[in-house]
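The values are calculated or read from the model by the stated rules, or taken from the named source; none is laboratory data. None of these values were measured; they are calculated from a predicted model. Reconstructed Cβ throughout: ideal geometry from the backbone, glycine too, with neighbour counts over all protein chains shown.
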Amino acid sequence: MSASKFLDSAKKIKAGKGKLATYAFLSVVAAYGLRTYYPHLVKLISGNGKRKKTDDGESKNGQKNAAKSPTHNQKEQDAKKDKASPNVDKLFYSQLRYLVKIIIPRIWCKEFGFLLVHTFSLIARTFLSIYVAKLDGSIVQTIVQRNVTRFIMQLSKWILLAVPATFINSLIRFLESKLALVFRSRLVNHAYEKYFNNQTYYRVSNLDSRLSNADQCLTEDITMFTSSLAHLYSHLTKPLLDVALMSFTLYRLASSRGASSKTPTIIASVVIIITAKILRTVSPKFGKLVAEEANRKGYLRFMHSRIITNAEEIAFYNGHKIEESMLSKCYHSLVAQMDLIFRKRLWYIMLEQFLMKYVWSASGLIMVAVPIITATGIREDGSSVEDDVDGGVSERTKYFTTARNLLINSADAIERMMSSYKEITELAGYTSRVSEMFEVFDDVSLGKYKRNTVSKPKSNKLHHERISGPLLQKGTVVDTQSTIIIEDLPIITPNGDIIVQSLSLKMEPGMHLLITGPNGCGKSSLFRILNGLWPVYGGKLCKPPPSSMFYIPQRPYMSIGTLRDQVIYPDSLKDMRNKNCTDLDLMAILQLVHLEHIVHREGGWDAECDWKDVLSGGEKQRMGMARTFYHKPQFALLDECTSAVSIDVESKIYLGLKEVGITLLTITHRPTLWKFHSHLLQFDGEGGWRMEELDTSTRLSLNEEKQKLESQLAGMPRMHERLQELCTLLGEDSVLLTESYGDSPKEQGENGDSSFEIENSD
């Protein structure tokens, strides 16, 4: 009866196989056509709107395209970098090996321990899967035999097995998350150590242009890399174990039934190889796409942080519209990249599912059917399956169910292994960005910089000479105890502009130096070189260590923490106690800078506030001077650091600094501070300079004369204009105008400036 039903079904299938084949062929052709012509349809639809534009509109578009030339140049640069785009190649394996050595530095470490436990849990899960497949076959056998007692026993085993199985499944997810977290912690600690070593955090953003957004690399890129690495380990190790152990189990199962495993092995190998070749050929470059997506995410975050940082200036200018347009442009650029990835994944996943789900399922049925059909039915003990009461139906059903479950698990494992190639290419993108970050950190720490110089159009104004090509550090830096010696030192900006060709001076303790000059002449640049922020490109620099010099800018940095932390910055509370300094000492310091009242006003030393908003401009500057009294360096580099402080308090602070033995290097425009200095370094803004002893009384008298002349000459042009106006109203000439200048006022206004005319008239 069953045989006749089987034959009838076979006839129906045979009769309808022509239609099924036709439908399958048409479906494949339709999918291929949609895959091929979908991009052209999108372009065609989006291009209809463009055809409706007039010639004027096209000319406007041409102007816009011309205005967007920097973006076009950037695209050309990106095209040149296609060869260096992240791919699964030798470079990727080299970068991954470098990062893995950081994550797992040795065998006896916490990370390797978690990795080992995770591996054991994956092995246990594979053995459980094999046991569940066999148990499933036994349950089906009891159902076919109608053996209620054995069915209940097997079902009880199934339910009891669910407890450890679910625990191991949950444990695998937990260990994967924990593994990603410990990997991230190790990598972040290593990155922070490099980032804050040798002032790398400053040099990366100011002296080098390869890493545009270090915060993105230190946060999101490291997180995505470690999560992807831990996830990929699970999705590769578990399938490899499944394929190896389940294939061996299937081989044992076929051998025990006297069936050959050659045909299923050949079928599986051919199908897997063909699938791998097809997917490898049509697979998009997900590594490059993901790396570009991460880059655009980082730039969008940078634009947001830029608006937050400059919110007040933008609000004053009412620049919200232009900022919104720039932010929207960055966001739409990210959306376009993400949409591109989604469209690439759409067709790739469709083909992947078709091959791995349906083609492999059909192949699996053949692989299961062949051993059962060709089996001899002779067991290992010599008995025949045909001699069973039911003719071997229940045992065939048992082995069919077991083999089918094992084969489904094996196919699923192979599918995960092959689909993981997409995840590997994405990992290549994250690996490239993280390893590039560490490469930049290492280069910058060693003084190797790569910066895109900004070319400025020439104008009638004086401009500094610029170095073409890479900047080479040919200078020598020598540490001294208490002397600053500069010999033939050029002051060169990171952009290559030579501000001063050669500077030479010598400073001893107690030699207080006043530095003056116009804006952009190199005053603050000299401080950056003395602090080691800018490299020495030539000459010789002998200076004390950074701990002996303390720099106070015009806007002091207010850290996060207590009021006490603001005074002792960058020391911690532990460092303060190691110096045998108490809160009473800090109070005495605040009294020197007239800030003792804020201790009571803000609620004591342990009060925590957003100090950059709580303190006024003058209070922040006085707080910076309080830090100088606390640290007591040999040299204090003061860059307009008291411009918001009253003159009387300012004088007391400078007098106090000199009394405690601190040598001053001051940049200021206030004549009231000249008396606290003994020498003068004056830049002329054209590359020249002069160093001399400061005669305060003479310089003050000259300054008073200069201010007096400025006030007198300020009114002369207005008097001259009024005289011309009176002559016009009266219709008369002025003897002073005709005899002194000889030319008409209009010609004088065109040929000379007013100050020159006044000098001639005098």
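Give the residues of segment 530-573 that are among the polar types (S, T, N, Q) and touching a residue at least 12 places away in the same chain (Cβ under 8 Å), sorted by residue number. Scanning segment 530-573 gives 531, 547, 548, 554, 559, 562, 566. Considering the conditions (1) surrounded by fewer than 22 Cβ atoms within 10 Å (Cβ to Cβ); (2) assigned to a loop (DSSP other than H, G, I, E, B); (3) of a type in the set (Val, Ile, Thr), residue 598 is excluded by exactly one of them, (2). Among the candidates 341, 307, the residue that is within 24 Å of residue 283 (Cβ to Cβ), at pLDDT 85 or above and surrounded by 15 or more Cβ atoms within 10 Å (Cβ to Cβ) is uniquely 341.
For segment 181-193, the condition holds for no residue, the condition being that it is of a type in the set (D, E, K, R), under 26 Å from residue 110 (Cβ atoms), surrounded by 15 or more Cβ atoms within 10 Å (Cβ to Cβ) and modelled with pLDDT under 85.
Yes/no per residue for (1) at pLDDT 90 or above; (2) surrounded by 13 or more Cβ atoms within 10 Å (Cβ to Cβ); (3) aliphatic (A, V, I, L, M):
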{"site": "628", "(1), (2), (3)": "yes, yes, no"}
{"site": "666", "(1), (2), (3)": "yes, yes, no"}
{"site": "671", "(1), (2), (3)": "no, yes, no"}
{"site": "674", "(1), (2), (3)": "no, yes, no"}
{"site": "682", "(1), (2), (3)": "no, yes, no"}
{"site": "690", "(1), (2), (3)": "no, no, no"}
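Looking at segment 145-157, can you tell me whether even one residue there is farther than 24 Å from residue 232 by Cα, free of Cβ contacts under 8 Å to residues at least 24 places away in the same chain and aromatic (Phe, Trp, Tyr)? For segment 145-157, residues farther than 24 Å from residue 232 by Cα, free of Cβ contacts under 8 Å to residues at least 24 places away in the same chain and aromatic (Phe, Trp, Tyr): present. Of the residues contained in segment 643-663, one or more are found to be in a strand (DSSP E or B), within 14 Å of residue 513 (Cα to Cα) and at pLDDT 90 or above. With respect to the conditions (1) surrounded by 13 or more Cβ atoms within 10 Å (Cβ to Cβ); (2) at pLDDT below 80, residue 81 lacks only one, and its number is (1). From the list 404, 433, exactly one residue is modelled with pLDDT of 70 or more, in a helix (DSSP H, G or I) and under 23 Å from residue 127 (Cα atoms). Which is it? The unique qualifying residue is 404. Counting only strands (runs of 3 or more DSSP E) that sit completely within segment 455-574, those holding 1 or more residues that are of a type in the set (Lys, Arg), under 18 Å from residue 681 (Cα atoms) and out of contact with any Phe, Trp or Tyr (no Cβ under 6 Å at 6 or more places or on another chain) correspond to 497-507, 540-543. Within segment 88-103, residues that are more than 20 Å from residue 192 (Cβ to Cβ) and surrounded by fewer than 16 Cβ atoms within 10 Å (Cβ to Cβ) reach no partner that is modelled with pLDDT of 90 or more and of a type in the set (Val, Ile, Thr) with beta carbons closer than 7 Å at six or more positions or on different chains.
Of everything in segment 182-213, what is free of Cβ contacts under 8 Å to residues at least 12 places away in the same chain and either touching a strand residue (DSSP E or B) at 6+ places or on another chain (Cβ under 6 Å) or not in a loop (DSSP other than H, G, I, E, B) (or both)? Give them in sequence order.
Quick first cut of segment 182-213, residues free of Cβ contacts under 8 Å to residues at least 12 places away in the same chain only: 185, 189, 193, 196, 205.
Result: 185, 189, 193, 205.
Of all the listed residues (106, 150), the sole one being part of a loop (DSSP other than H, G, I, E, B), over 20 Å from residue 408 (Cβ atoms) and of a type outside the set (S, T, N, Q) is 106. Taken over segment 605-623, the criterion of being over 16 Å from residue 591 (Cβ atoms) and surrounded by 19 or more Cβ atoms within 10 Å (Cβ to Cβ) is satisfied by 611, 615, 620, 621. Answer yes or no as to whether residue 178 is without any contact (Cβ under 8 Å) to a residue 40 or more places away in the chain, closer than 30 Å to residue 409 by Cα and surrounded by fewer than 17 Cβ atoms within 10 Å (Cβ to Cβ). So residue 178 fails the test.
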